[in-house]
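J.: Next up is a structure, given as C-alpha cells.
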Amino acid sequence: MEPMFDEDSYGYRPGRSALDAVAVTRKRCWYYDWVVEFDIRGLFDNIRHDLLMRALRYHCDCRWVLLYIERWLKAPLRKQDGSLVARHKGTPQGAVVSPLLANLFLHYTFRPRRCVNPKGQVHTNFLPAISRDSIKEINRRIRNWRVQLKNEKTLLDFSRIFNPILRGWYAYFGRFYPSALGSIWNNINRYLIRWVCRKFKRFFRHKRRARRFLDRFAHAHRDLFVHWRLGVFPSG
C-alpha cells in the first residue's frame, strides 16, 4: 500500500521520519499564516471491521494477510476477571497496524520566535523547538541519574555513559532551534558542579570555586560533552 500514500504523509513510512515532517511544516510556515487541524473522534474505537476488510480486499489479494488481519481485529478482549469480550468494531490501541490508520498532526511549538540572521539582524521566524513538556521530562531523567552522588565516577565515566544520550537529544530536539536546549545544558552543568563539590574535599561548600574549576576543565576538554562542544560551559 506504500505507493498509494500521499506525498505529504509522513506517519510510519519507510525512509521518512517525524523530523522530515517538521522540516516541511517549518518551510510552509514561511508562506502561510494559517493551518487547518482536525481530529476524528474515537477513530480507533469505532472503525467498522466490515468496511476495513472490504478496503483491504480491494488492495490485497493475499489470503494469508487478510486472514491474519481479520483474526487480529476480531480477537476478543480479556478483562481482569478473565472474561472475554467479543470485538465487533475498532482496532486495538497501540497495535502495530493501527498507526497506519492515523494522520500525523502538526506540533503547536511552530510559533513565531525571535531569530538573528547571520548579519546580526533580529527578525521573527517560525522555528520548531522542543516543547515544555519534553524539557520537563528530560530534566526529570537527568535528575534521576543522580550524578552528584556518584563519587566513584570520573568525568570521563560520565562522558561515556551520558554523552551518547545528550548527543541524541541534541540531534532530535535541537535540529531547528538548538538554543531552546540551553536550560537542559545548564541543568547538567549544575549537577556536575554539585558532583565536584562532593567528589573533592577542597571544594566542599565552595560552589563558586567548584564552578571555576569545572569551567577550566570544560574549556580544556570540551569534547567530553556535546554542550561543552557547543560552548555552554559551567561559568554560564
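J.: Search the stretch 216-231 for residues that are farther than 17 Å from Gly168 by Cα and pair each with any residue that is open to solvent by 70 Å² or more (accessible area, probe 1.4 Å) and not polar (S, T, N, Q) when their beta-carbon atoms are under 9 Å apart and the residues are at least 6 apart or on different chains.
T.: Pairs that qualify, where the first residue is farther than 17 Å from Gly168 by Cα and the partner is open to solvent by 70 Å² or more (accessible area, probe 1.4 Å) and not polar (S, T, N, Q), are His221/Leu156; Arg222/Arg229; Arg222/Leu230; Gly231/Arg222.
J.: Based on this model, can you work out whether Arg202 counts as part of a helix (DSSP H, G or I), modelled with pLDDT of 95 or more, of a type outside the set (S, T, N, Q) and open to solvent by 30 Å² or more (accessible area, probe 1.4 Å)?
T.: So Arg202 does not fit the description; no.
J.: Any idea which residue in the stretch 10-30 is modelled with the lowest pLDDT, counting only those that are more than 19 Å from the chain's Cα centre (by Cα) and surrounded by 10 or more Cβ atoms within 10 Å (Cβ to Cβ)?
T.: Checking each candidate, the answer is Cys29.
J.: Here's a follow-up. Residues of the stretch 181-190 being surrounded by fewer than 18 Cβ atoms within 10 Å (Cβ to Cβ) and at pLDDT 95 or above, which ones? Quick ask: steps written out before the conclusion?
T.: Going residue by residue through the stretch 181-190, those that are surrounded by fewer than 18 Cβ atoms within 10 Å (Cβ to Cβ) are 182-183, 186-187, 190.
Passing the criteria: Asn186, Asn187, Arg190.
J.: Working only within the stretch 3-23, note down all residues that are part of a loop (DSSP other than H, G, I, E, B), without any contact (Cβ under 8 Å) to a residue 24 or more places away in the chain and at negative phi.
T.: As a first pass, look at the stretch 3-23 and keep what is part of a loop (DSSP other than H, G, I, E, B): 5-17.
Filter once more, keeping what is without any contact (Cβ under 8 Å) to a residue 24 or more places away in the chain: 5-8, 13-17.
Phe5, Asp6, Glu7, Asp8, Arg13, Pro14, Arg16, Ser17, listed by residue number.
J.: On to the next question. Considering only the stretch 31-47, state which residues are of a type outside the set (Asp, Glu), surrounded by fewer than 10 Cβ atoms within 10 Å (Cβ to Cβ) and either within 24 Å of the chain's Cα centre (by Cα) or not in a loop (DSSP other than H, G, I, E, B) (or both).
T.: Selection gives Val36, Phe38.
Conditions tested, residue by residue: (1) basic (Lys, Arg); (2) assigned to a loop (DSSP other than H, G, I, E, B); (3) on the phi > 0 side of the Ramachandran plot.
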| residue | (1), (2), (3) |
| --- | --- |
| Lys153 | yes, yes, no |
| Arg167 | yes, no, no |
| Tyr170 | no, no, no |
| Gly182 | no, no, no |
| Ile188 | no, no, no |
| Arg194 | yes, no, no |
| Arg198 | yes, no, no |
| Ala218 | no, no, no |
| Asp223 | no, no, no |
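J.: Something else: Does Gln93 meet the test of being part of a loop (DSSP other than H, G, I, E, B), loosely packed, with under 10 Cβ neighbours inside 10 Å and at pLDDT below 80?
T.: Here the answer is yes, as Gln93 does meet what is asked.
The values are calculated or read from the model by the stated rules, or taken from the named source; none is laboratory data. This one's a predicted model, so the numbers in the text were calculated from it and none came from an experiment. Counting neighbours? That spans all protein chains shown, and the Cβs are built from the backbone with ideal geometry, glycine included. Side chains included, ligands, DNA and RNA excluded: accessible areas come from the protein's heavy atoms. Shrake-Rupley method; radii C 1.70, N 1.55, O 1.52, S 1.80 Å.
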